[in-house]
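The values are calculated or read from the model by the stated rules, or taken from the named source; none is laboratory data. Keep in mind that what you see is a predicted model, and the values were worked out from it rather than measured. In this analysis, Cβ positions are derived from the backbone assuming ideal geometry, glycine residues included, and neighbour counts consider all displayed protein chains.
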Amino acid sequence: MDAYDYSFFLSTMWVGPFWFAMLVFPDHEMTKKVMQGPWFFLGPILIWWAVTIASPQGLIDLGKDFANPAGILDGLAAIMGSKPGASAAWAHMVAGDIFVTHWMWKKCLEQKSPRWVAASTVFFGVMLMPVGIAMHMALVRNPKEN
């Protein structure tokens, strides 16, 4: 295992406790407390920075590809086909997933959504973000609108 394997593992494990708290203990005061600050998404962001600084060539190459829009996808594929690129992309996705899941969890609490709705959107928010967002948009309603 190298630093990229560890960064992949660490970015995944970082968000796990926060996601678990929102999923299993959504109304608990400790969950609300730990979800107030930036800690839930800061870990993967810092990991992204560390990986990017350790191996900046992929990002530099991608920047060159912006001059030729037809080459952007090829450049992105090349970056993501490397361990540094895949690790950075994973940290990026995990940070986004937990950030949006936090927003959905908070909205579920505010709207007093049924427990199954909140649990479903939080579960899929991290596991399969497009499904989580679709479920959230379809199921979470303001009680005053009903």
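A count restricted to segment 118-134 and to residues that are touching a residue at least 12 places away in the same chain (Cβ under 8 Å), crowded, with 18+ Cβ neighbours inside 10 Å and of a type outside the set (S, T, N, Q) stands at 5.
Is segment 7-30 home to any residue that is acidic (Asp, Glu) and in contact (Cβ under 8 Å) with a residue 40 or more places away in the chain?
There is at least one residue in segment 7-30 that is acidic (Asp, Glu) and in contact (Cβ under 8 Å) with a residue 40 or more places away in the chain.
Which of the residues that make up segment 1-38 are among the aromatic types (Phe, Trp, Tyr) and out of contact with any helix residue (DSSP H, G or I) (no Cβ under 6 Å at 6 or more places or on another chain)? Answer for segment 1-38, where residues must be among the aromatic types (Phe, Trp, Tyr) and out of contact with any helix residue (DSSP H, G or I) (no Cβ under 6 Å at 6 or more places or on another chain): Tyr6, Phe9, Phe20. Within segment 1-40, the set of residues being exposed (fewer than 12 other Cβ atoms within 10 Å of the Cβ) and assigned to a loop (DSSP other than H, G, I, E, B) comprises Met1, Asp2, Asp27, Gln36, Gly37, Pro38. One residue stands out in segment 20-46 among those that are at pLDDT 95 or above and among the aromatic types (Phe, Trp, Tyr): the one that is nearest to Lys106 (Cα to Cα), namely Phe25.
Of all residues in segment 48-101, those being without any contact (Cβ under 8 Å) to a residue 40 or more places away in the chain and touching a Ser or Thr at 6+ places or on another chain (Cβ under 7 Å) number 2.
When Ile79, Ile72, Ile60, Ile53 are screened for being β-branched (Val, Ile, Thr), touching a helix residue (DSSP H, G or I) at 6+ places or on another chain (Cβ under 9 Å), modelled with pLDDT under 95 and surrounded by fewer than 16 Cβ atoms within 10 Å (Cβ to Cβ), only Ile72 passes.
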